[in-house]
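Structure record follows, encoded as structure tokens.
The values are calculated or read from the model by the stated rules, or taken from the named source; none is laboratory data. As the structure is a computational prediction, the values presented were derived from the model and not from experiment. Glycine also receives a Cβ, built like all others from the backbone with ideal geometry; neighbour counts cover every protein chain displayed. Only protein heavy atoms, including side chains, enter the accessible area calculation; ligands, DNA and RNA are left aside. Shrake-Rupley method; radii C 1.70, N 1.55, O 1.52, S 1.80 Å.
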Number of protein chains: 2
Amino acid sequence: MSLTLYQTSVPAFVRGLKILSTLLDKARAHAEANNIDPASLVNARLAPDMFTLAGQVQGASDAAKTGTARLASLPPPSFPDTETTFDELQARIAKTLDFIATVSEAQINQSEGGTITIKVGGKERTFASEPYLLGFILPNFYFHITTAYDILRSQGVKLGKMDYLGTFESLQGE
Amino acid sequence: MSLTLYQTSVPAFVRGLKILSTLLDKARAHAEANNIDPASLVNARLAPDMFTLAGQVQGASDAAKTGTARLASLPPPSFPDTETTFDELQARIAKTLDFIATVSEAQINQSEGGTITIKVGGKERTFASEPYLLGFILPNFYFHITTAYDILRSQGVKLGKMDYLGTFESLQGE
């Protein structure tokens with residue numbers, strides 16, 4: 001059984017976004033339990049010129065929605081990066097999941113063996129769909145989820161590696 | 001063109017490990033240029049109970065070699081976690097790449113549609129090969145590479161997102 005482009009993309013986005021939502025829930029609970037201003041977590045970052053937690057969530061959303069749309073030859077929906085609270089970040093994740101759910105397996109798999117053209121630095125570049133997904137979209141998606149986790153850990157939120165990896169039960173169910 | 005298990009695993013490990021090697025080269029150059037003790041970078045971490053930079057490199061190596069070995073139904077080689085310098089971490093990456101290079105496409109692809117049994121907390125658990133790779137091994141591999149990057153960024157090493165993602169040229173060449 002080889003893998004379709006759909007199997008290699010959408011389940012990973014859905015699983016990762018749900019895990020990110022759980023990380024944010026735990027961060028909010030940590031802020032409430034410790035009288036921490038939630039904004040101090042939402043705006044936390046690891047270096048002055050890196051994105052904040054909010055930016056990492058927006059980045060994970062962008063990687064998932066743009067990757068899904070491009071693989072399906074659809075225009076990616078535009079989500080303005082205006083979220084400043086945990087509620088708004090959860091809504092961003094929810095609308096990303098909603099968009100992904102509108103895309104069918106067939107729409108994604110029609111681009112198997114095809115190419116994807118994107119603008120990089122004002123210049124059009126064309127990639128085969130498969131290395132674009134495996135070498136760019138997925139590493140970028142996991143970058144943002146991991147960095148969200150790393151920001152929260154650096155801020156003292158009690159999380160463990162399994163919070164990032166998700167349960168084995170949900171893995172078997174896929 | 002659907003994806004084989006090999007296409008979905010080994011090229012990602014090789015690409016990621018080479019990128020990690022480049023990140024470490026830049027970190028060492030940063031330490032030399034700024035009279036920083038290299039050990040302070042190798043031992044840096046984002047939270048007291050997270051792994052150091054050395055631990056993240058060891059974790060990326062483990063995810064790649066264990067994932068490759070399990071998919072190929074081979075015993076994973078045991079690499080002791082003894083590295084304390086940039087040279088030793090580079091050697092760890094090199095021997096991980098050397099092991100991966102000994103595994104053939106056919107050895108990996110024979111486990112398509114099969115199962116992988118691992119011990120988790122002393123208990124045997126069995127997963128289908130594909131969700132094990134996509135939902136566990138790859139997210140775990142990118143976790144360690146991203147966290148290595150995040151540690152170096154938090155220590156002031158001059159890196160940008162493209163240092164993590166790698167060049168588009170290398171993507172097209174895969």
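Annotations
- Taking A:Val14, A:Val120, A:Val57 in turn, the Gaussian network model of chain A (Cα-Cα springs below 10 Å) assigns the largest fluctuation to A:Val120.
- Above-threshold pairs, the threshold being 24 Å between Cα atoms, out of A:Lys26/A:Lys161; A:Lys158/B:Lys119; A:Lys161/B:Lys123; A:Lys95/A:Lys123; B:Lys26/B:Lys95; A:Lys158/B:Lys65: A:Lys158/B:Lys119; A:Lys95/A:Lys123; A:Lys158/B:Lys65
- Relative pair counts by distance (%), Cα atoms of segment A:82-130, 10 Å bins: 21, 26, 35, 18, 0
- When you filter the trypsin sites (Lys or Arg not before Pro) in segment A:108-174 for DSSP loop state and at most 16 other Cβ atoms inside 10 Å of their Cβ, you are left with A:Lys158.
- Cα-based Kirkwood hydrodynamic radius, segment A:17-142, one decimal, Å: 16.0 Å
- Angle between chain A longest axis and helix A:138-154 axis [Cα atoms, degrees, rounded to 10]: 0 degrees
- Backbone phi angles across segment A:50-57, fed through the Karplus curve with coefficients 6.51, -1.76 and 1.60 (θ = phi - 60°), yield HN-Hα couplings of 9, 5, 6, 3, 4, x, 5, 5 Hz in residue order; Gly and Pro are listed as x.
- Comparing B:Glu83, B:Glu130, B:Glu32 in a Gaussian network model of chain B (Cα springs below 10 Å), the most mobile by mean-square fluctuation is B:Glu32.
- Cα-based helix-to-principal-axis angle, B:86-101 vs chain B, degrees rounded to 10: 20 degrees
- Considering only B:Ile118, B:Ile100, B:Ile137, the mean-square fluctuation computed in a Gaussian network model of chain B, springs between alpha carbons under 10 angstrom, is largest for B:Ile118.
- Carbon/sulfur fraction of accessible area - the protein assembly as shown, other protein chains in place, 1.4 Å, %: 53 percent
- Kirkwood Rh and Cα Rg combined as Rg/Rh, the protein assembly as shown: 0.94
- For segment A:1-124, the solvent-accessible area with a 1.4 angstrom probe is 46 square angstrom per residue.
- The helix-only estimate of mean residue ellipticity at 222 nm for chain B, built from DSSP H runs of length n ≥ 4 each weighted as -39500 (n - 2.57), is -18500 deg cm²/dmol after division by the residue total.
- Rounded to two decimals, the Cα-based Rg/Rh of segment A:1-87, with Kirkwood Rh, is 1.06.
- Estimated at the nearest 10 Å², the accessible area of A:Thr8 is 0 Å² with a 1.4 Å probe.
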